[in-house]
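**Q** Questions regarding the structure given below will be posed in turn.
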Amino acid sequence: MAKSDPNSILRLIPFAVGGLAGTLLLVNRLLTVSLTPAQARSDVVGIIACAVLILTGLIWQQVQPRLPDSVELVGTETFALDRTLPEALQTELAWASHLLLTNTVTRSLLVWHDGEILLRRGILPEQAVVKHGVILQRVLDKHQPVYLVALAVYPGKIEFDYLPENTQGVICQPMGEKGVLILGANAPRSYTRQDEQWIGAIADKLAYTISQMKIGE
């Protein structure tokens, strides 16, 4: 179920206060038999204050960013790490995935390399096989990330059956020549440009570590 924007009520406060104050000014004016110059000046100030509050409410509606609606992903909390990997690589995979899951909107994460799943972590379904589909192949061929900002509208979403069925956004980040870091979010259009740059840096670090491990074998 989608979560409502927690700031929606705050945006209505200037409207409510401005409208209430304006109504009270009008009632006070109607009930005043004899209007003095001081009262007239205070009415003018009150009207200006009400107008400013209402204008502030309009500006908040236009300027303040609304958080994308998020959902509860369907799946179970998972942490499946390939225990045949060198211990140093296991540690780095665990560290990198923890950073991404706790500091970005990522809720599901897979590290895929040369046809093998090195790590599955986060909210995930039972399906543990990564399909080598069109989108994954495109990432490997072009060595460029693919960000599906709203997965539900893409026909290629069937390729990602190893992610929760209601995943809202996906990033496929190249990780060296043969690897891909796959991230799933619980809200559409939720990754920022800074998030994308950071994800790219972490993927490059993992790719370097994997290449060094292979050299040492």
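**Q** If each residue's Cβ is checked for other Cβ atoms within 10 Å, how do 113, 143 rank with the fewest at the top?
**A** Final ranking by Cβ density, sparse to dense: 143, 113.
**Q** Right, something else. By counting other Cβ atoms within 10 Å of each Cβ, how are 159, 72 ranked from fewest to most?
**A** 72, 159
**Q** What does the charge count near residue 74 come to, summing +1 for each Lys or Arg and -1 for each Asp or Glu among other residues with Cβ under 13 Å from its Cβ?
**A** Here the count lands on -4.
**Q** Something else about it: Any chance you could list the semi-axes, whole Å, largest first, of the equivalent ellipsoid that the Cα gyration tensor gives for the range 76-216, using √(5λ)?
**A** That gives 22, 16, 15 Å for the three semi-axes.
Every read-out reported here was derived from the displayed coordinates using simple, explicitly stated rules and does not represent laboratory data. The structure presented is a predicted model; accordingly, all values stated were derived computationally and were not measured. Cβ: placed from backbone, ideal geometry, glycine included. Neighbour counts: every protein chain shown.
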